[in-house]
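Everything below concerns the one structure shown next.
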Amino acid sequence: MNRVTKRTWLMGLFLAVLLGGMVVFAIEYVANAGTWITAPGSPHVYNRGNLGCGTVVDRSGNVLLDMTNGRTYSTDPQTRKSTLHWVGDRYGSISAGAVSKYSSALAGFDLVNGVYNGDSGGGVEHLTLSTRVQNAALTTMYGRKGTIAVYNYKTGEILCAVTTPTYDPDNVPDFQADTTGAYKGVYLNRFLQATYPPGSIYKIVTCAAALDCVPDIESRTFTCNSKYTYGTEAITCERAHGTCNLKQALAVSCNCAFAQVAELVGRKNMQKYVEQFQVSQRIRFDGVTTAAGNYDISDAGAASFAWSCIGQHTDLVNPCRFMVFMGQIAGGGSAAVPYLVSQVESGAEVVYQAETTYTPQVMSQALAQKMREYMRNNVEVTYGSYKFPGLTVCGKSGTAELGQGQISNAMFSGFCTDEKYPLAFFVAVENGGYGAATCVPILSVVLSECKAVMDGL
């Protein structure tokens, strides 16, 4: 009797464990089946490391990538090059995070039918990118390395995000035979993964900090004789700017004046505002995470600290993150989090629809308004409003020195304050020289194309 009872208990325990395991598996299956079936090793979905089903289109419905029978790209060579870093190459060397995140939907997966709903060949992923703007942006780079990005800081839609160098996936160059360095870093998505010394665009950060924490900053004046010394070290300007206030100093990008502004702000406050403004933080959207920036003054002497407030020293910014910071200024202290994927359809069903989310409030509305005023003044007195017809552009250029005899990186970042065109942007041209001279013509073309797209032209 005891032996029978014992066996009964053991059998009951076994059945309970089995049933429990089945319940756990069922829960895991419902929650994670899409991930399992679309794992890179799945032969049902992947071919040679690439997703083998689904279609990716731009905001106008133009096909960028058809994966239903191999990988078929756009029929337009310029489009293939301008969107390569968002749809990926044939060999998995260029990661397309947005495609990977929604792979189960692109595979047409559901719990009942598995993959490929019927004979559809998978789902459709709609990107916010405009190939019209992408192609124009790529043309304006003239083969130079860098990135150009524009997004709607009210909705989060990325209209343009070009990274160069790039290539035509239907006519892959012989990278090993290239001795010019033209394709160095070609697999890097510079918008997401690169960091750059910001140069004078970082004066936006320092200016905002000064306006917020130095009570009489707007009534103060600063003198520039082309050099501001710290013992044997000096902050230099290309010319003597004479006497200027903070707004004027930002407009003429006076290093010597901003060295004096840095002294008023102080190390503790500068570190505080860099963290508050989140300019060095990563940002995540659509399954991708940007590179982190850098602001480190832990071992900086007086001159090095001053240079850090001017965008040199060890400062680094990520293009996407700094673009969002521009959106935060334009948006009164907060901005929409960017997104690239607007909608994903699996068969007749919409399985994903983008929703606008917002960043934390990084500054007061009053401070944001003041920064908009200052940055609009930059365009009016330095760069020329006429270069941006039909748009109210606010911005700041940067010429980031690289040392070792290298030509400086050219930078420009800012936003439009027009109600109809709420656009924030970032332009970086590696070894491009002066920020304004190189980047403003690029930006003029790209913003004009964005405006046309938003007008439905």
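The values are calculated or read from the model by the stated rules, or taken from the named source; none is laboratory data. Just so we're clear, the structure is a prediction, and the values are computed from it rather than from any experiment. Positions of Cβ are backbone-derived with ideal geometry, glycine not excepted, and every protein chain shown enters the neighbour counts.
Structural remarks
- Residue match in region 366-388 (condition: free of Cβ contacts under 8 Å to residues at least 60 places away in the same chain and on the phi > 0 side of the Ramachandran plot): yes
- Residue match in region 299-310 (condition: more than 18 Å from Leu129 (Cα to Cα), out of contact with any helix residue (DSSP H, G or I) (no Cβ under 7 Å at 6 or more places or on another chain) and surrounded by 20 or more Cβ atoms within 10 Å (Cβ to Cβ)): yes
- Among the conditions (1) in a loop (DSSP other than H, G, I, E, B); (2) touching a residue at least 40 places away in the same chain (Cβ under 8 Å), the only one that Asp418 does not satisfy is (2).
- For region 201-227, residues that are closer than 15 Å to Cys244 by Cα, in a loop (DSSP other than H, G, I, E, B) and not basic (Lys, Arg) total 4.
- Members of region 331-345 that are touching a helix residue (DSSP H, G or I) at 6+ places or on another chain (Cβ under 8 Å) and either assigned to a strand (DSSP E or B) or of a type in the set (Lys, Arg) (or both): Ala336, Val341, Val344, Glu345
- The one condition from (1) modelled with pLDDT of 95 or more; (2) out of contact with any helix residue (DSSP H, G or I) (no Cβ under 8 Å at 6 or more places or on another chain); (3) in a loop (DSSP other than H, G, I, E, B); (4) not charged (D, E, K, R) that Gly181 does not meet is (1).
- First in region 287-304 and closer than 13 Å to Pro197 by Cα, second anywhere and crowded, with 16+ Cβ neighbours inside 10 Å and of a type in the set (A, V, I, L, M, F, W, C), Cβ under 7 Å, 6 or more apart: Gly293/Val279; Gly293/Leu316; Gly293/Val317; Asn294/Leu316; Tyr295/Val274
- Residues of region 62-112 classified as at pLDDT 90 or above, assigned to a loop (DSSP other than H, G, I, E, B) and either polar (S, T, N, Q) or under 22 Å from the mean Cα position of the chain (by Cα) (or both), total: 6
- Against the criterion of being in a strand (DSSP E or B) and either in contact with a helix residue (DSSP H, G or I) (Cβ under 8 Å, 6 or more places away or on another chain) or within 21 Å of Gly432 (Cα to Cα) (or both), Ala234 qualifies.
- Taken over region 375-419, the criterion of being hydrophobic (A, V, I, L, M, F, W, C), at pLDDT 95 or above and surrounded by 18 or more Cβ atoms within 10 Å (Cβ to Cβ) is satisfied by Met375, Val379, Phe388, Leu391, Val393, Cys394, Ala410, Met411, Phe412, Phe415, Cys416.
- Screening Val252 against (1) in contact with a Ser or Thr (Cβ under 8 Å, 6 or more places away or on another chain); (2) buried (at least 19 other Cβ atoms within 10 Å of the Cβ) leaves a single unmet condition, (2).
Here is a yes/no grid of residues against (1) surrounded by fewer than 24 Cβ atoms within 10 Å (Cβ to Cβ); (2) closer than 18 Å to Ile283 by Cα:
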| position | (1), (2) |
| --- | --- |
| Asn171 | yes, no |
| Asp178 | yes, no |
| Leu188 | yes, yes |
| Cys207 | no, no |
| Ile217 | yes, no |
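- Condition met for Lys420 (of a type in the set (Lys, Arg), under 17 Å from Gly327 (Cβ atoms) and touching a Lys or Arg at 6+ places or on another chain (Cβ under 7 Å)): no
- Any hit, region 278-293, residues being part of a helix (DSSP H, G or I) and within 24 Å of Arg376 (Cα to Cα): no
- Of the criteria (1) outside any strand (DSSP E or B); (2) farther than 21 Å from Leu138 by Cα, which one Pro441 fails: (2)
- Residue that is farthest from the chain's Cα centre (by Cα), among those in region 346-368 that are assigned to a strand (DSSP E or B) and under 16 Å from Ala336 (Cβ atoms): Gln353
- Residue list for region 315-335, filter: over 13 Å from the mean Cα position of the chain (by Cα) and either at pLDDT below 95 or among the small types (Gly, Ala, Ser) (or both): Ala330, Gly331, Gly332, Gly333, Ser334, Ala335
- Within region 431-457, residues that are at negative phi sit with their Cβ atoms under 6 Å from residues that are among the hydroxyl-bearing types (Ser, Thr, Tyr) and assigned to a helix (DSSP H, G or I), at 6+ positions apart or across chains, in these pairs: Gly432/Thr438; Ala436/Tyr383; Val440/Tyr383; Ile442/Thr140; Val445/Thr140.
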